[in-house]
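Worksheet: the structure to be examined is printed underneath.
The values are calculated or read from the model by the stated rules, or taken from the named source; none is laboratory data. Fair warning: this is a prediction, and the values are worked out from it, not measured in the lab. Every residue, glycine as well, gets a Cβ built from its backbone with ideal geometry; the counts of neighbours run over all protein chains shown. Please note that ligands, DNA and RNA were not included when accessible areas were found on the heavy atoms of the full protein model with its side chains. Shrake-Rupley method; radii C 1.70, N 1.55, O 1.52, S 1.80 Å.
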Amino acid sequence: MKKYEADVVIIGGGSAGMAAAIEVKKAGLDVLIIERDYELGGILLQCIHVGFGLHEFGEELTGPQYAQKFINQVNELEIPYLLDTMVIEITQDKTVYAVNNKDGLIMVESKAIILAMGCRERTRGAINIPGFRPAGIFTAGQAQRFVNIEGYLPGKTFVILGSGDIGMIMARRLTWEGCEVKAVVEINPYVSGLIRNQVQCLEDFNIPLILGYTVTKIHGKEKIRGVTISKVDTNFDRIVGSDRFIECDALLLSVGLIPENELTLNAGAELSSNNGPVVDNNLESTIEGVFACGNVLQVHDLVDMVTAEAKRAGNLAIEYINERYGKEVKREKQIRCIAGDNVGYIKPDLINLSDISKETMFTFRVKYPDRRIQIQFRDKENNQLIYKKNKVYVIPSEMVEIKLNLEENQIDTGCQHLIIDVVPRPEVLIEEE
Amino acid sequence: MFNSSQSAVKVIRCIVCPSGCTITATPDQSGNVNFEGYTCNRGLEYAKQEYYEPKRIITTTMRVENGFLPLIPVRTDTPILKDKLKDVLKEIAKIKVQPPIKMGDILIENVLGLDANIIASRNLNKI
């Protein structure tokens, strides 16, 4: 068995993994990136549209351009990486097992691990569309890879289920390649993705957007030949008599992303409601010395936010190695954050009581859109309001970021649970943010 | 500079921020256009650009001969007129490029005289 050693092993060579690796290497520590694909770059490589890098580089780049800039840095810093290599296990003592065609089984011993595996798409199974399983059903990202990297068109006439950004971007991409997109069908009464994509990917090409409908039947046995869509009620149940048939030879699903955490779970780490690892305010999972960043922790809106989080994770791993690695540090008291009203999940899940004098970066998503709301942080134990912030609107497609110093906001040191609610703004408060 | 639909009322959905204001552009008889429904200056600027001269960046792929991959992602280096999108896509489809290619390499110079170049979005080596 081939053996490697590194101070920090990074699992995943996408935007998160590369940004974290660069930080660690710059600090003079040994780092190794393990990537399962045949090149570095991750999902950015197939996202050939623009919209990346406004925060990080101050210009609007395509996904491949954004990735290339990081790949160039990885190469300039001579950061070692293994390609075509699949991590199969990580252990509590920070040993990583992986396999590839050249070396067979590989063992890497490390002091800290950074999880940067990204996320995957929800599939047909996740949304329970009944019926046969004909050819011609793809997730939007799968179709994106076929069209943009492999050079295949997966169909001629498409229906896209779900109005996520990848689905809308694929609607434009397929139209540009000469395909017909019959409709984008969304179960919610609102669009899931950005308005910019609705305008530039659908309205620019007169692609119908059908809200409040879902696919209730897939027609065809060997090959898909159409779908039935039906209107749904507020419980997402099909309304009888609302069925419509749409002929198509391919169905794309753009119905959400899930952090990919099988390795994390098998290692014994706790996961939270968004399927990302439970982390503290130092992005450290419930396994000491194992950190998480990027879409494996929480699905981000922008790669720029992934990069920022990954840089933090890199620096926190360095701090761990320098200050805590190999020392007996007793588990300290932690505050647990709880997603309350209209909050889907909240990161971090835990706040170390010894860190409350530092700024904590909170991120969360709402479950449904709302206007004129107030974000409230409450100490559950004494039901005390610690922090409030008004916002004009919140939507599920936009992650909310709040930087907060809990000590300055007079949190009680006896606090064990912090509840985050998004509630209608109290009438007395009419000031805008 | 003016597009063909200048005499008609045009409804523009603002994409500057997720508020998504609906802006109505109404031309009067003397050719002045009245913009209504925007809630910030950036929105007004966007609406004017969309009304008089809508532009988009094109991102697509170009075929590669003997490359590590069969396609290379490409883009225009500046936004081009929206109604020229199809013509530019057709130009790009005519061409096959030879690796090695570096990010930023100009693959079509001044495409269709639109003052925009088609550039490579990434590096691509030979097979």
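Results for (1) among the polar types (S, T, N, Q); (2) more than 14 Å from chain B (Cβ to nearest Cβ); (3) in contact with a Phe, Trp or Tyr (Cβ under 7 Å, 6 or more places away or on another chain), shown as yes or no for each residue.
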| site | (1), (2), (3) |
| --- | --- |
| A:144 | yes, no, no |
| A:147 | no, no, no |
| A:154 | no, yes, yes |
| A:157 | yes, yes, no |
| A:160 | no, yes, no |
| A:167 | no, yes, no |
| A:185 | no, yes, yes |
| A:204 | no, no, no |
| A:212 | no, yes, no |
* To do: For residue A:109, state whether it is within 14 Å of another protein chain (Cβ to nearest Cβ) and surrounded by fewer than 23 Cβ atoms within 10 Å (Cβ to Cβ).
  => no
* Structure fact -> Of (1) assigned to a helix (DSSP H, G or I); (2) crowded, with 18+ Cβ neighbours inside 10 Å; (3) out of contact with any Leu (no Cβ under 7 Å at 6 or more places or on another chain), residue B:48 fails just (2)
* Does the stretch A:370-378 contain at least one residue that is modelled with pLDDT of 90 or more and under 21 Å from residue A:286 (Cβ atoms)? -> no
* **Test for residue A:39: is it modelled with pLDDT of 95 or more, over 16 Å from residue A:110 (Cα atoms) and within 14 Å of chain B (Cβ to nearest Cβ)** => yes
* Being within 14 Å of chain A (Cβ to nearest Cβ) and open to solvent by less than 90 Å² (accessible area, probe 1.4 Å) is the filter; apply it to the stretch B:101-116 and report the residue that is nearest to residue B:66 (Cα to Cα). => B:101
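Looking at the stretch A:125-149 only, could you name the residues that are at pLDDT below 95 and open to solvent by 40 Å² or more (accessible area, probe 1.4 Å)?
If the condition is that a residue be at pLDDT below 95 and open to solvent by 40 Å² or more (accessible area, probe 1.4 Å), then A:125, A:126, A:127, A:128, A:130, A:131, A:132, A:133 are the ones that fit.
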* If you check A:85, A:91, A:62, which single one turns out to be without any contact (Cβ under 8 Å) to a residue 60 or more places away in the chain, open to solvent by less than 40 Å² (accessible area, probe 1.4 Å) and either of a type in the set (Phe, Trp, Tyr) or out of contact with any Cys (no Cβ under 8 Å at 6 or more places or on another chain) (or both)? -> A:85
* more than 27 Å from residue A:111 (Cβ to Cβ), modelled with pLDDT under 95 and either within 14 Å of chain B (Cβ to nearest Cβ) or under 24 Å from the mean Cα position of the chain (by Cα) (or both), is that true of residue A:51? -> yes
* Asked: Does residue A:365 satisfy being free of Cβ contacts under 8 Å to residues at least 24 places away in the same chain and closer than 19 Å to residue A:420 by Cα?
  -> no
* Residue pairs meeting the criteria (Cβ under 8 Å; at least 6 apart or on separate chains; first away from chain A (no Cβ under 11 Å), in the stretch B:53-68; second surrounded by fewer than 17 Cβ atoms within 10 Å (Cβ to Cβ) and β-branched (Val, Ile, Thr)) -> B:66/B:127
* Restricted to the stretch A:336-384, and to residues that are more than 14 Å from residue A:414 (Cα to Cα) and among the polar types (S, T, N, Q), which residue is most open to solvent (accessible area, probe 1.4 Å)? -> A:357
* Go through A:336, A:372 for me and flag whichever is more than 30 Å from residue A:66 (Cα to Cα) and touching a His at 6+ places or on another chain (Cβ under 8 Å). => A:336
* Of these, B:50, B:45, which one is acidic (Asp, Glu) and at the interface with chain A (Cβ under 10 Å from one of its Cβ atoms)? -> B:50
* Asked: What number of residues in the stretch A:284-329 are free of Cβ contacts under 8 Å to residues at least 40 places away in the same chain, surrounded by 19 or more Cβ atoms within 10 Å (Cβ to Cβ) and farther than 30 Å from residue A:366 by Cα?
  -> 0
* Asked: Exactly one of (1) open to solvent by 40 Å² or more (accessible area, probe 1.4 Å); (2) touching a Lys or Arg at 6+ places or on another chain (Cβ under 8 Å) is unmet by residue A:332. Its number?
  -> (2)
* Which number in (1) under 18 Å from residue A:302 (Cα atoms); (2) more than 13 Å from chain B (Cβ to nearest Cβ) marks the one condition that residue A:44 misses? -> (2)
* To do: Check whether at least one residue in the stretch A:178-193 is open to solvent by 40 Å² or more (accessible area, probe 1.4 Å), in contact with a helix residue (DSSP H, G or I) (Cβ under 7 Å, 6 or more places away or on another chain) and within 30 Å of residue B:79 (Cβ to Cβ), and report yes or no.
  => no
* **Neighbours by Cβ (under 7 Å, 6+ apart or cross-chain): first from the stretch B:1-17, at negative phi; second part of a loop (DSSP other than H, G, I, E, B) and at pLDDT below 85** => B:13/B:20; B:14/B:20
* **Restricting the stretch B:9-40 to residues that are open to solvent by less than 80 Å² (accessible area, probe 1.4 Å) and among the aliphatic types (A, V, I, L, M), the residue that is nearest to residue A:198 (Cα to Cα)** => B:15
